[in-house]
There are 2 protein chains.
Amino acid sequence: MKVLVLSIGTELTRGELVNTNATWLSEQLTELGAEVVEHRTIADDQPRIVEELRELAGRVDVIVSTGGLGPTTDDLTSASVAEALGVELRTHLPSLEAIRRRYEARGRAMTPAGARMAELPEGAIALPNPVGTAPGFEVALGGCVAFFLPGVPREMQAIFRESIASRLAPKLARTTHQIHLRTFGLPESEVGERLRGFEERHAGLTVGYRASTPEVEVKIHVRDVDGASAERRARSIAEEARTALGDFVFGEREDGFAAVVGEALRSRGWSLALAESCTGGLVGQLVTAVAGSSDYLLLGAVTYSNGAKTSMLGVSQELLRAYGAVSAECAVAMAEGARRLADSDLAVSLTGIAGPGGGSETKPVGTVWIALSSASETVVTRQHFGGDRDLVRLQAAYVALDLVRRAALRLEVRETWTTKEIQRLARS
Amino acid sequence: MKVLVLSIGTELTRGELVNTNATWLSEQLTELGAEVVEHRTIADDQPRIVEELRELAGRVDVIVSTGGLGPTTDDLTSASVAEALGVELRTHLPSLEAIRRRYEARGRAMTPAGARMAELPEGAIALPNPVGTAPGFEVALGGCVAFFLPGVPREMQAIFRESIASRLAPKLARTTHQIHLRTFGLPESEVGERLRGFEERHAGLTVGYRASTPEVEVKIHVRDVDGASAERRARSIAEEARTALGDFVFGEREDGFAAVVGEALRSRGWSLALAESCTGGLVGQLVTAVAGSSDYLLLGAVTYSNGAKTSMLGVSQELLRAYGAVSAECAVAMAEGARRLADSDLAVSLTGIAGPGGGSETKPVGTVWIALSSASETVVTRQHFGGDRDLVRLQAAYVALDLVRRAALRLEVRETWTTKEIQRLARS
């Protein structure tokens, strides 16, 4: 079943509003087993809407449209559908009654503008709106079934769930399954390289990639005779992909990186302390965005000034004078100081130059030292990240969290794209 | 000038990713004076892309396309454009050299997949990518000029700004001007209420609102005989709007909230310390996302555990036992402790319940105490925020930063939507 998602609204074509409706509908339709072949977005402009509807009629099996059903003068969808079909608008009495009740429930009388929302193209099937005023409706348009929904996301979603999903599901035999593997530590091209030949070896497999810096997500999409077969094969292919990608895979679709790191700590019963300079609290913010993180995070020290490095973490002024704040020595002293202060199992520290200013020949912008201190040793690594200030900070935070993940899961810390020039200092 | 925005990516048609690129491009193009007539989004499917390009050729003046230019096997845009034009792909040597340098800067050799990104349709004009690897390109497609850009937002934006905006601007007669006022502290409906009647009083004015929680942005869009007249009138209307909205306006479009707070501190030569519990580093991350923030931010203490509140900030165990960590007393002690530790002019603290767990009858989820300590006094306010964990934390961070802004700019701290139940404690 081929579906087209049509969005109607000048606020969309002018770029004033992000079109989350098309995304939500596409996700729902894909999960039901439909193929969303296209999104189109056009302005609130009656001749343009009519032209679009006439052009689309019969090109797909189903059209799901949102927007332009409200009470204001720029809501033109119903009139446009009527024009495209060559029929009149008629007041749909049950909808009119529902609108009147909705106004009354708020202690107001229905306005003429409110009543307009009950005017549907002749022959349309009304789709009741359980959470708002404007009803949706369904019409046959050439060879397609076309659904028209309001643009307010919660109203659109409620009507889709109540009236559309149940109409479409019996007609869709789900034949696909998708698994997402999330990776960190390999560049996108290397991830692709490692999965070369997978699509040729497995019939019905599509492998997709999404770089969401600094993560790379691998999407394993399998089509088979039915949903169960597709799922079984997707599971087996995902296992093969995990072997090829190794411990750079940190989780599947719903697994946020910081949550995975937190689970790793929880599995060992370990606690964590943070010492941040260039990231200024970003690592703490990522860790504590996970509900329940107080189980393992004890404290963080944002030591932005040299004085704070000394007063909060006991980094000696001699060390700062001799090596500077952006140095392996300072990173090690920060991590060990944080571990001492918190009396935690692990502590991770970051000190570097996020830019755009502050770089030098020997320590260019993007240089970050990251150290992880545990009971047995302190590991320190020098990084050089590309990108702007935000990206340098985000990549640094990920490397720091990855060191924590690898320590807690007993994974090797190797020289990789993100982790280079590793030094290990055994604790005396 | 009619423009169509074409987005290419199966992650979009499957609803895995919200299409913010189409929105961003539409906003930029509208501001340049172009008319964005349609967005279309299709999957990474070569026959489909070729068909779409052939259908669109000549239907609009300009096509701006994003996606499908990366190094992986599902990146099919260049090959599709070549097929639609009936030309071959050719390696563009300057782009190949730029890609090689980019790999080398990261200490890696260019891979074959990397080199593929330099293959452009014969006759295409390369558009250099100043912040990433894959170049964009421009071709003539029937009667249209078509631009193809990578899908990574920052790369797409950088290429648009450097190579496209300047190409299009001279062809567009600008007759509009837009000013964005950014506000914090009033709900959207109250912002609208305060600007009621503006559109009726000023010909050619459209006032738009965008709630980007917790900020509300007001867009003053003026159309006049030419761009200069529109700008002059927009400036004057913006002044009037600022009067109506008062000190809830913190800046214009490019003014990030944390940057405005930083400028306020800099203007007074004041330093800042942070003491964060429920926000876990978020305030620090916002403050230090601004380049040069080391001029005023000295340190932050992320005191997630009670032990850390005592060891880092000197909050007494008696106080924690008597009032709990989520209390006015604790917030005051945290702020005063941070100011003492840092020897700073100001310190701000936050302690609360971000949820989803941890709430109680007297301290429900969303309860946050926020205190600001200065040489003369400590102000503390109890908030109750709606929304999920992320939203509670973000709103709390904004109130904390707003207290700093108001202190530095000598603005009144009043009871408002966001700042309630204010207590002032003079320093003894």
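All of the numbers you see were taken from the coordinates with simple rules; none came from a lab. On a predicted model such as this, the values are computed, not experimentally measured, just so you know. As a convention, Cβ positions derive from the backbone with ideal geometry for all residues, glycine included, and neighbour counts pool all protein chains shown.
Under a 10 Å cutoff between Cα atoms, tell me which one of A:Ala109, A:Ala230, A:Ala338 has the largest fluctuation in the Gaussian network model of chain A.
A:Ala109
Before anything else, pin down the relative contact order of the stretch A:292-427: Cα pairs under 8 Å, at least 6 apart, normalised by residue count, whole percent.
18 percent
Can you give the convex hull volume of the alpha carbon atoms of chain A per residue, in Å³?
193 Å³
Say we join alpha carbon atoms closer than 10 Å with springs in a Gaussian network model of chain B; which of B:Thr279, B:Thr20, B:Thr243 then has the biggest fluctuation?
Among B:Thr279, B:Thr20, B:Thr243, the largest mean-square fluctuation in the Gaussian network model of chain B belongs to B:Thr20.
Under the 0.36 nm per residue contour assumption, what length would be gained going from the current alpha-carbon distance of B:Arg161 and B:Ala211 to full extension?
15.4 nm
From the label point of A:Gly58, set 7 Å along Cα to the beta carbon, how far off in nm is each other copy's matching point, shortest first?
Counterpart label points of A:Gly58 in the remaining copies fall at 2.2 nm.
With label points built 7 Å along Cα→Cβ from the Cα atoms of B:His384 and B:Glu412, find their separation and express it in nm.
2.5 nm
Which order do B:Tyr304, B:Tyr398 fall in if you start with the one that has the fewest other Cβ atoms within 10 Å?
B:Tyr398, B:Tyr304
What is the distance, in nm, between label points placed 7 Å from the Cα along the Cα-to-Cβ direction at A:Leu425 and at A:Asp74?
Reported label-point gap for A:Leu425 and A:Asp74 is 6.1 nm.
Determine, from the Cβ-Cβ distance of A:Glu27 and A:Ala322 and an R0 of 60 Å, the FRET efficiency 1/(1 + (r/R0)^6), rounded to the nearest 0.05.
Efficiency, from the Cβ-Cβ distance: 0.60.
Normalise the Debye intensity by I(0) for the stretch A:216-257, one equal point scatterer per Cα, no solvent, then take log10 at q = 0.18, 0.23, 0.24, 0.29 Å⁻¹ and round to two decimals.
-0.56, -0.82, -0.87, -1.06
Please give the average number of partner chain Cβ atoms lying within 10 Å of the Cβ of each residue in B:104-111, rounded to a whole number.
The shielding value for this peptide is 3.
Let me know the charge dipole size of the protein assembly as shown about its Cα centre in debye, to the nearest 20, where only the beta-carbon of Lys, Arg (+1) and Asp, Glu (-1) is charged.
About 1720 debye.
What percent antiparallel are the DSSP beta bridges of the protein assembly as shown, to the nearest 5?
So the antiparallel bridges in the protein assembly as shown amount to around 65 percent.
Between B:Glu122 and the same site in the other copies, what are the distances in nm, shortest first, taking label points 7 Å from Cα along the C-beta direction?
So the label point of B:Glu122 gives 5.7 nm to the other copies.
Could you check the spin-label model distance between B:Glu361 and A:Val131? Points 7 Å from the Cα along Cα→Cβ, value in nm.
3.1 nm
Would you please give the FRET efficiency between A:Gln46 and A:Glu88, computed as 1/(1 + (r/R0)^6) with r the Cβ-Cβ distance and R0 = 22 Å, to the nearest 0.05?
E(calc), rounded to 0.05, equals 0.90.
Expected output is a single nm value to one decimal: the length gained when fully extending between A:Glu55 and A:Arg108, i.e. 0.36 nm times separation in residues minus the C-alpha distance. What is it?
That pair, A:Glu55 and A:Arg108, stretches by 15.0 nm at full extension.
Run the label-point distances for B:Ala375 please: 7 Å along Cα to Cβ, every other copy, nanometres, shortest first.
4.9
Roughly what percent of Cα-Cα pairs across the stretch B:2-171 reach past 22 Å?
Of the Cα pairs, 38 percent sit more than 22 Å apart.
For the stretch B:155-221, what Kirkwood radius comes out of the mean inverse Cα-Cα distance, in Å?
14.3 Å
Could you compute the FRET efficiency for B:Ser236 and A:Asp255, with r as their C-beta to C-beta distance and R0 at 51 Å, rounded to 0.05?
Here the calculated transfer efficiency is 0.45.
Considering only lysines 8 or more places apart in sequence, or on different chains, count the pairs in the protein assembly as shown whose C-alpha atoms sit under 21 Å apart.
Lysine pairs, 8 or more places apart or on different chains, close enough: 7.
Name the residue farthest towards the positive end of the dipole of the protein assembly as shown from the options A:Val392, B:Thr176, A:Leu4, assuming +1 on Cβ of Lys and Arg, -1 on Cβ of Asp and Glu, about the Cα centre.
About the Cα centre, the residue reaching furthest to the positive side is A:Val392.
Quick one: among A:Glu318, A:Glu52, A:Glu162, which has the greatest mean-square fluctuation in a GNM of chain A with alpha-carbon springs under 10 angstrom?
Highest fluctuation of the listed residues: A:Glu318.
How much length is gained on full extension from B:Arg100 to B:Glu190, taking 0.36 nm per residue of separation minus their Cα-Cα distance?
That pair, B:Arg100 and B:Glu190, stretches by 27.0 nm at full extension.
What is the antiparallel percent of DSSP beta bridges lying wholly in the stretch B:268-426, to the nearest 5?
Taking every DSSP beta bridge within the stretch B:268-426, about 65 percent pair in antiparallel fashion.
In square nanometres and to one decimal, what's the mean projected area of the convex hull around the Cα atoms of the protein assembly as shown?
The directionally averaged projection comes out at 37.5 nm².
Of all DSSP beta bridges located in chain B, what percent are antiparallel, nearest 5?
DSSP beta bridges in chain B are roughly 65 percent antiparallel.
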